[in-house]
Amino acid sequence: MTQELLIKGNKQIDSIIDQMDVSQFAKLMAKYAYRLGGDPSKILLKAYVAEKTEHAEALHPRKPLPEGYTETERIIHELLVENTGVCIVDSGGVYGRNWERNRSIRDFRKTPEVIIYKGVWGCVRTNIFHYLRYFLERDGFSRVVEDALYRYIRGGKGGLTDKILGFCDDVLNPAGFRTIPFNTANTDPYLISQDMQGVYFDKDECSEEPTYLILQIHNGCDLRWGYTMPRVFRVVEDSKYDFFTMMGELLVKCKCGLFTLPNERLKIDWDERRQAFFCGKCGKKARFYPPYYC
């Protein structure tokens, strides 16, 4: 009787495994794991992620880097096209992922500084490539910190975010740096074309010494997954926290003048038929510029 139940149980599990969207080899390994008392779901999940990521890579190959990039521009480009994988619980299979869309772009310098997403509802965002290359640069110290960070990541425990925060606690804070972790999912309004997370660090709020940034770009679909490996930059700001403040701003120009958005006194409406924004006061077409334009 016990043997009959075991056989019946094996057949039921085999039937479930056979329905999974993974290779035959992965299914076979999962079945063997179950019979040996292991957890087949771990094998199936790992296989799904690896196989779907490899498939997405084949569908969206990298293009050669264009000539003439600065070091900063090259790194930002590499971040934007970094394959951050396929997650079984995200919506990327339906809506696509940021890194997949970005790989269709040969030279980000030729992309518009402000992107207007058209459709039923219009949406305007500052292009993340231009935003980052305006505020960020590389120097000797950023390279040293990045090397130290990657050594820490290779030897640390836990997930990548935990390792980055651990680096702040164990290395940057004891060295006298103030660290401010952030994720732009918590920023409202947020008017950049892709989300980011990382750590903004400096000596103190009033220090005249340079400010630096550990940066990860969200290249997936759902915000919970799909962040790039970290890179370190120096932040170039006219005023402290401009990098954060301008994330929620845009400049708009119409016959009424040039204004910073959001602006309660200015009403800018999307016209679905004409697929453009218009000023509710003067009736003219609105033109948008990045917040640092002036």
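Counting only helices (runs of 4 or more DSSP H) that sit completely within segment 14-113, those holding 1 or more residues that are touching a strand residue (DSSP E or B) at 6+ places or on another chain (Cβ under 6 Å) correspond to 71-80.
Regarding segment 164-174, can at least one residue be identified that is among the polar types (S, T, N, Q), closer than 27 Å to LEU261 by Cα and modelled with pLDDT of 95 or more?
Quick first cut of segment 164-174, residues among the polar types (S, T, N, Q) only: 173.
If we keep only those that are closer than 27 Å to LEU261 by Cα too, we end up with none.
Scanning segment 164-174 turns up no residue that is among the polar types (S, T, N, Q), closer than 27 Å to LEU261 by Cα and modelled with pLDDT of 95 or more.
Remark: VAL252 falls outside the filter, which requires a residue to be under 18 Å from LEU136 (Cα atoms) and in contact with a strand residue (DSSP E or B) (Cβ under 6 Å, 6 or more places away or on another chain). When PHE259 is tested against (1) outside the structural domain of LYS281 (by TED's automatic domain parsing); (2) under 20 Å from THR126 (Cα atoms); (3) of a type in the set (Phe, Trp, Tyr), just one condition goes unmet, and that condition is (1).
Is there a residue in segment 118-128 that is in contact with a strand residue (DSSP E or B) (Cβ under 6 Å, 6 or more places away or on another chain), of a type in the set (Ser, Thr, Tyr) and touching a residue at least 12 places away in the same chain (Cβ under 8 Å)? Yes: segment 118-128 contains one or more residues that are in contact with a strand residue (DSSP E or B) (Cβ under 6 Å, 6 or more places away or on another chain), of a type in the set (Ser, Thr, Tyr) and touching a residue at least 12 places away in the same chain (Cβ under 8 Å).
Comparison of ASN102, ASN10 shows that the only residue that is closer than 29 Å to GLU137 by Cα and either surrounded by 14 or more Cβ atoms within 10 Å (Cβ to Cβ) or modelled with pLDDT under 80 (or both) is ASN102. Name the residues in segment 248-293 that are more than 21 Å from LYS118 (Cα to Cα) and under 27 Å from the mean Cα position of the chain (by Cα), would you? Selection gives THR260, TYR292, TYR293. Annotation: LYS203 fulfils all but one of (1) surrounded by fewer than 16 Cβ atoms within 10 Å (Cβ to Cβ); (2) in contact with a strand residue (DSSP E or B) (Cβ under 8 Å, 6 or more places away or on another chain); (3) in contact (Cβ under 8 Å) with a residue 60 or more places away in the chain; the unmet one is (3).
The values are calculated or read from the model by the stated rules, or taken from the named source; none is laboratory data. Just so it is clear, the structure is predicted and the values come from calculations on it, not from any experiment. Glycine gets a Cβ as well: all are built from the backbone with ideal geometry, and neighbour counts include every protein chain shown.
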